[in-house]
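Enquirer: Got a structure for you, written out below as structure tokens; questions coming shortly.
The values are calculated or read from the model by the stated rules, or taken from the named source; none is laboratory data. Not measured: the values here are computed from a predicted model. Using ideal geometry, Cβ is built from the backbone for each residue, glycine included, and neighbour counts are taken over all protein chains shown. Calculation scope for accessible area: heavy atoms of the full protein, side chains included, ligands and nucleic acids excluded. Shrake-Rupley method; radii C 1.70, N 1.55, O 1.52, S 1.80 Å.
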Amino acid sequence: MKSIKTAGSYFTMLVRFATFLSKQSDVPQRPEEISSAHVAAFKLSLSPGSQLPSAWRLRTLMRDAPCLPAATRAAILHGRLPERETDAVLAYSEDERQQILTAVRHDVRSARDRIRASRDLLDCYRRGETEADEERLGGALDVIDRTGDVPRDGAGRPFKWMRRYGGTGALVTGLCLTRLEAAAFSLLLVDMTGENFGTVGTWPAAHFRPDGGVAGAPALALVEGTKPRRGPDREYMVTPVEDLPESLAGLFVDGDDSEVRLFRSPLRVYLLLLELTELSRRHGGHDLAFGYVRTTKLNHGRWAGGIASSHTTDWAAGNGFPLLPRRGATTTGDVEEAPDDDSPEPDDQVTGLPSVDVLRLRQTALERIRRPVAHSRQTLNDRYLKRSPAVRREGREIVRTALEEQVAKARGRQQVPVFSAAFAAMAEEDPQRAAAEMGVGPDVLKRILAGQEDTVLASCADHRDGPDTPPGEPCTASFLACLSCRNARALPHHLPVQVYVHDQLAQLRTHIDPDVWAFRYGDAFARLTHLIGPPHYTAADREQARTQLTEQDRHLADDLLEGRLDL
């Protein structure tokens, strides 16, 4: 097992099975006495909701147990279990993501400004520079900072004058994050890094700075994290927490606006978290980056470390986001699940906001950064990106665009050039220029214009330079292949035959096997469609060409289509 929680679920399964066996009339005393009937009866005793997970765990525990009879193992493995139902984890839209992050950033700013203001007041008190009305407040903060507790009278009760400053809860949170503010930091770091929520929640305060904190060097902190699902050999990993490079900072920041840069730099958020939770570590005895102060613990256990999934749920409810069904009490670090007095009322919600789900938040981050985070490239592609409708649509669009480019490139490579009637008129006046434009010699141009080099669907610039015959030998290819030959030239007097052959191929398509038609005539039909269509000819040009078709042209085209012109 890769975690205590998973191992506990299997142990619970084993206890349940043993308890069931102890209540049978023929109680087995040894594993060898467990029969297939016992297994069948146990499966029938399970509730519908627990049948699938219990069957999975029973198989995992006992399918390879050598002490069980073969018939018992066969009964355990009997039947095909349905696939485990998993909820689709879909990324947030950008609008939904920004709605969540706007509330997160607000809480982070508020906590930073409050704690730094209290720290400034405490520093002034210790230097003896506070005003008279701030003397008591500074003294209270000094006691909290030094002892981890509020000032008390001889009977151990907090002084009543502290109510003037909001009470004990307001005083202790003046120097440290609250539980829900720590949850806001966790959501922000999950979005910025793409790490698992459980991994971020176990980050320690201790870290290594390869840059040495020197200004101008690439700012980076190496933080040790844990991810039990990776297995015992790879559970512990080092996560690079980076700052926004100077080369990119100018793209996002106007002038010296550190406020904007804070929320684009995982390192700056991490260092700010350490700054605002230092008191929790000092008095709570933990070494985690995430720390907070409980406002309900007046005498002991006030300072806590770690973060739990229930904290993000309570943070979401407190900011008006719809609540998600809890997936179970998953905790990391020294976390107490009992709600504090800063827990929100579940009724206080605002409609139109997305529910806050750390799995969806991480899915969104991975789709945005498109690089593996604590997993392999294959896992990123096959698990996270594959299940994303947006990524699938993007992938299909990329493939479609690439295929269209390749098809257009292939067709354009051997596309028959079409010369208009205006070109023929220009050739009468300036043969040299027309020959150069067509890419042939003046004598060849003259024969092409006179129709002496016509094949069937075009003219041939050099019939002794065929693509499939040795140089100097007459071309033996089918006249349909002229549509893809580099020597072909199309002029207006070819249009009647081209239109007729195109119409005949379209009619033939409905009378023969589609695969046969595509193999024999598909390419020629596509090239003819391009040849007689825009921008070369209009619909009116094609209609006029149909009226100009001679009987000789018709017989020639029929001979071509029926194969009588093939050698």
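Enquirer: When only the heavy atoms of the protein chains count and the probe is 1.4 Å, how do 398, 532 rank by accessible area, highest first? List each step's numbers first, then the result.
Expert: On the way: 398 105, 532 10 Å².
Reading off the accessible areas and sorting them downward yields 398, 532.
Enquirer: I've got another one for you. Of 277, 225, 53, which is farthest along the charge dipole of the chain in the positive direction, counting Lys and Arg as +1 and Asp and Glu as -1 at C-beta?
Expert: It is 53, whose Cα lies furthest towards the positive end.
Enquirer: Hey, what angle do you get for helix 514-532 against the long axis of the chain, alpha-carbon based, 0 to 90 degrees rounded to 10?
Expert: Around 80 degrees separate the two axes.
Enquirer: From the square roots a ≥ b ≥ c of the eigenvalues of the alpha-carbon gyration tensor of segment 1-80, which class results: rounded (a/c under 1.5), prolate (a/b over b/c), or oblate?
Expert: Working: a/c = 1.41, a/b = 1.34, b/c = 1.06.
Since a/c stays below 1.5, the shape of segment 1-80 is classed as rounded.
Enquirer: Within a Cβ distance under 11 Å of residue 67, other residues only, what is the Lys/Arg minus Asp/Glu net charge? Before the final figure, lay out each step's value.
Expert: Details: positive: 30, 73; negative: 32, 33, 64.
Taking every other residue near residue 67 into account, the sum is -1.
Enquirer: How big is the gap, in Å, between the Cα center of segment 1-74 and the Cα center of segment 132-204?
Expert: Distance between centres, Cα-based: 49 Å.
Enquirer: Could you report the accessible area of residue 419 in Å², rounded to 10, computed with a 1.4 Å probe on the protein chains as they sit in the structure?
Expert: Here the accessible area works out near 20 Å².
Enquirer: Carbon and sulfur together cover what percent of the accessible area of the chain at a 1.4 Å probe radius?
Expert: Details: 16490 of 31270 Å².
That fraction is 53 percent.
Enquirer: On a 0 to 90° scale, report how tilted helix 309-318 is relative to the longest principal axis of the chain, with both axes built from alpha carbons and the result rounded to the nearest 10.
Expert: 90
Enquirer: Given a cut-off of under 8 Å on Cα pairs at least six residues apart, what relative contact order in percent is computed for segment 149-219? Kindly include the intermediate steps, with their values, before the conclusion.
Expert: Working: 26 pairs, mean separation 9.7, N = 71.
Here the relative contact order equals 14 percent.
Enquirer: Report, in debye and to the nearest 20, how large the dipole of the chain comes out about its Cα centre when Lys and Arg carry +1 and Asp and Glu carry -1 on their Cβ.
Expert: Numbers: 73 positive and 80 negative charges, 542 e Å.
Approximately 2600 debye in magnitude.
Enquirer: Answer with a single label: of [x] 39.4, 123; [y] 23.5, 76; [z] 29.1, 96, which was calculated as Rg and Dmax of the Cα atoms in Å from the structure in view?
Expert: [x]
Enquirer: Excluding the sites themselves, what is the longest stretch of the chain that contains no GluC sites (Glu not before Pro) in a DSSP loop with at most 11 other C-beta atoms within 10 Å? Write down the numbers at each step before the final one.
Expert: Working: sites that count: 83, 85, 129, 131, 337, 562.
It runs 338-561.
Enquirer: Moving on. For segment 392-529, go through all pairs of different Cα atoms, get the mean of 1/r, take its inverse, and jot down that Kirkwood value in Å.
Expert: Kirkwood hydrodynamic radius for segment 392-529: 16.9 Å.
Enquirer: For the chain, what does the helix formula give at 222 nm: sum of -39500 (n - 2.57) over DSSP H segments with n ≥ 4, over the residue count, nearest 500 deg cm²/dmol? Could the numbers behind the result be given before it?
Expert: Numbers: 23 runs with 279 residues, N = 567.
Helices in the chain give a 222 nm mean residue ellipticity of -15500 deg cm²/dmol.
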